[in-house]
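Worksheet for the structure shown next.
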Amino acid sequence: METKLAECFEPLVEALQKHGVLHSPSELHGVMCGLLSTGYGQHDADILAVLAAHVEVEKWNPDATQLWLQVRDLAQEAYTGEGLSFYLLLPEDTEELGVRVAALGQWCEGFLVGFGTGTAGTKESQLSSALQEAIRDIAAISQVGLPEENSEEEEDMFAQVVEHARMAALMVFTDLALSARKESTSQEKPTHH
């Protein structure tokens, strides 16, 4: 799963450049994942509209549309699949650490935007304490500073922070989207034949 997602990074960079968008694929993946974690974004038109509005693009071209829907499908599959196969869309490990740290901050900022869009009208007091803590953690990571050097210690610290952001996003999805699905299926009335 991580490999399939990573293969989308450079094509998304190119698609964003064709639209004149300066935002990173990491940020937009964060927006998408934040929205999906709230139970929204499964409909193609909805997710594409939220992403376009975020970067002030009127409409995605067909190639970008296909890429974003592929990335959305991978994210949904990862969120709902077996195991912990959900990953953040970040630059390859061959990129400088500073570039990857900046992308992580952008992903977290995007996640918060998507989460805020999906939970519009919800008061913080309506969220579980664990969910509030996960959102605070993602917000703190979004403010991450750039490393002063590219040491092995900094690389290890980066990997730990990425893992923490990944687990926090999974927790948000589990708390919100899955519980919303359970509620909607338990409220459906059985049909009588």
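Data table
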{"read-out": "Of residues in region 1-45 being β-branched (Val, Ile, Thr), under 27 Å from Thr174 (Cβ atoms) and part of a helix (DSSP H, G or I), the one modelled with the lowest pLDDT", "value": "Thr3"}
{"read-out": "Where Ala52 falls short, out of the listed (1) closer than 18 Å to Phe173 by Cα; (2) assigned to a helix (DSSP H, G or I)", "value": "(1)"}
{"read-out": "Helices (runs of 4 or more DSSP H) contained entirely in region 60-163, each with at least 1 residues that are loosely packed, with under 12 Cβ neighbours inside 10 Å", "value": "62-80, 129-142"}
{"read-out": "Near pairs, Cβ below 8 angstrom, 6+ apart or cross-chain, from region 63-76 (small (Gly, Ala, Ser)) to any residue that is part of a helix (DSSP H, G or I) and open to solvent by 20 Å² or more (accessible area, probe 1.4 Å)", "value": "Ala64/Lys18"}
{"read-out": "Members of region 20-62 that are out of contact with any Asp or Glu (no Cβ under 8 Å at 6 or more places or on another chain) and charged (D, E, K, R)", "value": "Asp44, Asp46, Glu56, Glu58, Lys59"}
{"read-out": "Complete set of residues in region 50-59 that are surrounded by 14 or more Cβ atoms within 10 Å (Cβ to Cβ) and either free of Cβ contacts under 8 Å to residues at least 40 places away in the same chain or over 11 Å from Met32 (Cα atoms) (or both)", "value": "Leu51, Ala52, Val55, Val57"}
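The values are calculated or read from the model by the stated rules, or taken from the named source; none is laboratory data. Computed from a predicted structure; not experimentally measured. When we count neighbours, we look across all protein chains shown, and the Cβ atoms used for this are built from the backbone with ideal geometry, even at glycine. The area values use the complete protein model at the heavy-atom level, side chains included, leaving out ligands, DNA and RNA. Shrake-Rupley method; radii C 1.70, N 1.55, O 1.52, S 1.80 Å.
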